[in-house]
């Protein structure tokens, strides 16, 4: 959009980033580049960039030793600034791994296991960031909302086991009220909501005049109107 | 205080031991005792004050103060108990003495006793000053009063006191029955009671032996009995009044009773009792009963309001004001009565309507009979159910206004225009007004009726009054946007059909609305009005100047003119700004094939308009206009006014002078004219089925227009008038049916979504960051003049705006929204 309203600025910004990336590219080891090349798609993507696609990602994960449904994969995706499933861009791959000094599969594996995985468990802010990032990451192109089954899958994957009871009640409610799509706001708010709900299982302290999304208000009414 | 100087003075005091040995206690006391007896027997004149004083002085000086004090008290008590008390008891026992005489005797004893006590205490001044003071004992005078209390009044279990209290209360009760009683004696006795202090503390000799100030026999013994007996009296009275089952009687009697009682209290009772008595009375007579009295079916608040019984209502108001400055019980009752009245309005409007219909029917029936007698046939026109519903709407608003007026008068004349009550009345009216989901439409119809016909020939004052009344009702509308929607529709019809009595009235109404709620509400209404004004100027310009001067007259135009016997065609146009008017542009009208006559006019106008306003886009809406045509039938020529679309049919398909017997099927007509099918059916119906305007003959002659029907000029067309108006279905403003209403509400709801989102964005743009609750409140405030959105409605809009990335939640605090530029 900016391109149309202000093409020069955008072009300059692009130039700059290219320069920057070139600079950092210089220090990237050949080892890391070869590693990328091992997984990359033969073709460039629609914007003319080299990237690792679905197949490459599967192989990469296998080599790293992770199942695709390991939640740490989401941390990896976040770490590599991936905008959608099965899409690691060359630039981010090289820069970001280079920044933390990882050049081999082993180093990467260690980095993930030592830095990312524990952080997901211990750092609520990081967890929240990963949780919110996930919505955008798994969203289909041009879609605004997430299909419920997809959302459900990732909730089960991501949300801590201590909320499982509350989560199941919530999911049952979604099915009972034939909800099929989840918006970003609903997704984001579910995490703090489940925390509150976990601490107040009767929801007696719930206040509909607060800023919870309407979906939560309806859930509250659902809980209050019936024994589920 | 000054211990040093006191000690110093003691030092220079003369020796006293000689005196102390000289005094003979018993002798001195004998003198004093004798004197006290004399005083008590009113023989004081012979006594020597100086001698008595000295005796007492000496006794006190020689430390016999206690002895003297005790003996004096004993002497006083003895006299009171043996003489005064017994004397009074004798009087009580004797039959020759009535209550009044007894009280007078008592009062006499009391006054004598006070006099004696004054003398005795003068004599014993030194005892008071030295002994009583040092020992913290009551002064001798007070000892005398206490002695009177204990030895006379309260002696033997309050024997005499009880009797006195009974007598006084009996007096008061007799006074309540209207008997005149001796107020002086009552006052005197009560004054005596008040003078007799009561010791709350049982230990008389304690430091606070002088008794708590204000605690006295009156408060302790008399007042409770007074309260009890008054309570009984009020209760009996209210039961007696309630038995009559008449609110009027109760309120009038109680008002009188309270007045009497107030003057009685003032006359007989001390100030301390007045507030207690008033409270008791108000509670017994007002608080406990008045609400149930207002609820009397046959003679209660509802009836009095109905009967405009201002005097009684004022009494009621005053009574309630006594017990509650907020008038809660009155407000409660008013509210429920107004809600009942609201129900009755629905009923009443129906009844009035039925009456009207019956009356109309009778009149029509009469007319028909007369017509038949003259050998004519008259078709009785029945009102459609929609028309009925519209009459009902107008009635309803009318009745609503009368009811409101009624309550305004009651509030003014009886309730002192009390703000709280006025608010309650308004709130109740608002509740029942808005409980009718058609009320906004009703008001618009009512105004429509006023401006179309009912204000005809009314004085400007009356017009003003009526329009002001409309604003009164308008204030009650919760969702003003609904009203706006209807008002626009009705105004559009009035303006386009030129049905307003005068544009002054129209403008006046709009101005009033503007004053009431602001120009944003009326901007589009004014725009519509302006459009019509400008259109009139444009039309006359077009017809007078442009067309006359043959500027832009095309060859085709000239040809038509010739065909039309040299007369020019005239065109009255209404140029409507799309965004002001409620009617959507009807795209299906674009393809209509106009007859040459109209096409030429249309082309000419477009040229004319383009000169006037270059670059503006004209979209024709033939579904709103009418055309006057002169039609030559074999027998007669008629001037017919009909809808433009009907004229298109006639001119396009049946104006071939070569072949008047031209026949067309429905499909052919549709093909030639390109008028959309539903519209075409409607208009064909009006010119081939409707009894008064059967310009065309339809085969078969059924009511409905069906595919394959044949149409031709009705050669046998006959009408008593030369000028005929073809009525197309529903020309007036009508109440909507349920389907239309739900469509209208859907449109309104859509615009509410837009308005709410716009408000949220506006607020957030200005504030950048806002708490959830504040945003909700602010939105409600901004939309106050439009409608009242539910918080959940606003919430949904906020979520949509988050989705559209106009807003986002704060990372840290989810109850804060941030505006995304």
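Some notes on this structure:
- For the range B:409-540, projected area of the alpha-carbon convex hull averaged over all directions, nm²: 9.2
- Against chain B, whose longest principal axis is taken from its Cα atoms, helix B:519-541 shows a tilt of about 30°.
- Expected-Rg normalisation [2.2 N^0.38 Å, Cα atoms] applied to the range B:401-474: 1.25
- According to the Cα-based calculation, Rg over Rh for the range A:22-125 is 0.95, with Rh computed by the Kirkwood formula.
- Centre separation in Å (Cα based) which lies between the range B:799-821 and the range B:693-719: 65
- Residues B:456, B:652, sorted so that the one with the fewest Cβ neighbours within 10 Å comes first: B:456, B:652
- In chain A, the longest principal axis of the Cα atoms and the axis of helix A:214-225 are about 30 degrees apart.
- Relative packing of peptides B:442-448, B:150-156, B:110-116, B:356-362 - highest average C-beta neighbours within 10 Å first: B:442-448, B:150-156, B:110-116, B:356-362
- By DSSP, the beta bridges lying fully in the protein assembly as shown are antiparallel in about 90 percent of cases.
- Principal axis dimensions, largest first and in whole angstrom, of the range B:738-819 by Cα: 48, 24, 18
- Once C-alpha pairs closer than 8 Å and six or more residues apart are averaged by separation and normalised to the residue number of chain A, the relative contact order reads 15 percent.
- When both the range B:153-175 and the range B:455-503 are represented by their alpha-carbon centers, they are found 75 Å apart.
- Its Cα gyration tensor gives the range A:140-228 an equivalent ellipsoid, and the semi-axes of that ellipsoid, as √(5λ) in whole Å with the largest first, are 21, 15, 13.
- Computed over every Cα-Cα pair of the range B:224-325 and binned at 5 Å starting from 0, the pair-distance distribution P(r) comes out as 2, 12, 24, 24, 17, 10, 6, 3, 1 percent.
- Note on the range B:672-725: Cα-only Rg and Dmax are 11.5, 33 Å.
- For the range B:330-518, the convex hull drawn through the C-alpha positions has a volume of 151 cubic angstrom per residue.
- Fraction of alpha-carbon pairs over 43 Å apart in chain B - percent: 61
- Scaled radius of gyration (Cα, divided by 2.2 N^0.38 Å) that the range B:462-521 gives: 1.11
- CD proxy at 222 nm, helix term only [per DSSP H run n ≥ 4: -39500 (n - 2.57); per residue of chain B; nearest 500]: -20000 deg cm²/dmol
- Counting, for every residue in A:198-209, the Cβ atoms of other protein chains within 10 Å of its Cβ and taking the mean gives 1.
- Folded to 0 to 90 degrees: helix B:480-497 orientation relative to chain B principal axis, Cα: 40
- Enclosing the Cα atoms of the range B:270-398 in their convex hull gives a volume equal to 127 cubic angstrom per residue.
- In the protein assembly as shown, the convex hull through the Cα atoms has an average projected area of 85.3 nm², a quarter of its surface area.
- Likely footprinting exposure, B:27, A:141, B:480, fewest C-beta neighbours within 10 Å first: A:141, B:27, B:480
- Sequence-separation-based contact order of chain B, relative, with Cα cut under 8 Å and 6+ spacing, percent: 6
- Relative contact order %, the range B:738-819, counting alpha carbon pairs below 8 Å whose residues are six or more apart: 33
- The distance linking the range B:237-274 with the range B:80-112 is 34 Å (Cα centroid to Cα centroid, whole angstrom).
- Among B:225-233, A:161-169, the order from most to least packed when residues are scored by Cβ within 10 Å on average: B:225-233, A:161-169
- At the listed q of 0.10, 0.14 Å⁻¹, the Debye profile of the range B:669-805, built from one uniform point per Cα, gives log10 I(q)/I(0) equal to -0.60, -0.74.
- DSSP-defined beta bridges in chain B - what % are antiparallel, rounded to 5: 85
- Look at the stretch B:812-820: the mean tally of other chain Cβ atoms within 10 Å of its residues' Cβ atoms is 2.
- Neighbouring Cβ atoms from other chains, within 10 Å of the Cβ of residues in B:801-811, number 3 on average.
Values quoted throughout were computed directly from the atomic coordinates according to the rules given, and no laboratory measurement underlies them. Computed from a prediction, not measured in an experiment: that's the story for all the values here. Counting neighbours? That spans all protein chains shown, and the Cβs are built from the backbone with ideal geometry, glycine included.
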